[in-house]
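What follows is a single structure, written as structure tokens, with notes after it.
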Ligand code: FES
């Protein structure tokens with residue numbers, strides 16, 4: 001008989017370590033579900049389905065309620081996202097100022113686009129967003145919390161190169 005890997009109790013508890021900490025922080029209060037989901041997404045960078053199921057059980061509420069909230073808000077993601085979220089504005093002002101060139105640069109450099117938004121190494125996710133209210137700086141991109149205005153593709157390339165250097169320690 002083959003030697004299958006066993007899902008031991010310790011494997012399971014490691015898997016849910018972060019969510020257990022979050023549940024404790026929020027006193028397992030189901031009325032704070034949105035804040036709990038936000039904390040889970042911050043910790044895992046998305047909402048993994050096993051964690052959502054575990055949340056429902058731990059909070060004593062139906063899975064449908066957890067999934068209902070998780071899928072209602074566009075901010076929440078049930079798909080894994082990269083460590084760096086590159087949001088490229090494609091609102092009118094940015095579009096006429098060549099935001100497509102920024103999207104093309106990201107696609108060429110990182111191999112990610114709307115069809116496949118996250119890189120295989122889970123470092124980068126690209127999102128095309130509508131106006132973020134900084135039209136005077138068009139074209140605009142936001143990488144995590146940093147806003148880059150009047151952004152040329154070459155400059156965005158430098159920003160991405162720097163992040164790759166930091167991540168690879170070179
Ligand atoms: S259209 Fe891009 S910031 Fe407004």
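The values are calculated or read from the model by the stated rules, or taken from the named source; none is laboratory data. This structure is a prediction, so every number in the text was calculated from the model and none was measured. Cβ sites come from the backbone with ideal geometry, for glycine too, and all protein chains shown count toward neighbours.
Worth pointing out:
- Residue among 44, 54 that is within 21 Å of residue 146 (Cα to Cα) and not assigned by TED's automatic domain parsing to the domain that holds residue 145: 44
- Verdict on residue 119 being under 14 Å from the mean Cα position of the chain (by Cα), closer than 18 Å to residue 37 by Cα and not assigned by TED's automatic domain parsing to the domain that holds residue 21: no
- A single member of 147, 69, 126, 142 is within 23 Å of residue 45 (Cβ to Cβ) and in a helix (DSSP H, G or I), and it is 69.
- Of the residues 106, 147, 166, 129, the single one that is within 15 Å of the ligand (Cβ to nearest atom) and either in contact with a strand residue (DSSP E or B) (Cβ under 7 Å, 6 or more places away or on another chain) or over 28 Å from residue 37 (Cα atoms) (or both) is 129.
- Those residues of the stretch 94-118 which are on the phi < 0 side of the Ramachandran plot and surrounded by fewer than 17 Cβ atoms within 10 Å (Cβ to Cβ), in sequence order: 95, 96, 100, 101, 104, 107, 108, 109, 113, 114, 115, 116
- Residue 88 vs. criteria surrounded by 16 or more Cβ atoms within 10 Å (Cβ to Cβ), within 16 Å of the ligand (Cβ to nearest atom) and either outside any loop (DSSP other than H, G, I, E, B) or not assigned by TED's automatic domain parsing to the domain that holds residue 35 (or both): yes
- Here residue 66 clears all of (1) in contact (Cβ under 8 Å) with a residue 12 or more places away in the chain; (2) under 27 Å from residue 166 (Cβ atoms); (3) outside the structural domain of residue 162 (by TED's automatic domain parsing) except the condition numbered (2).
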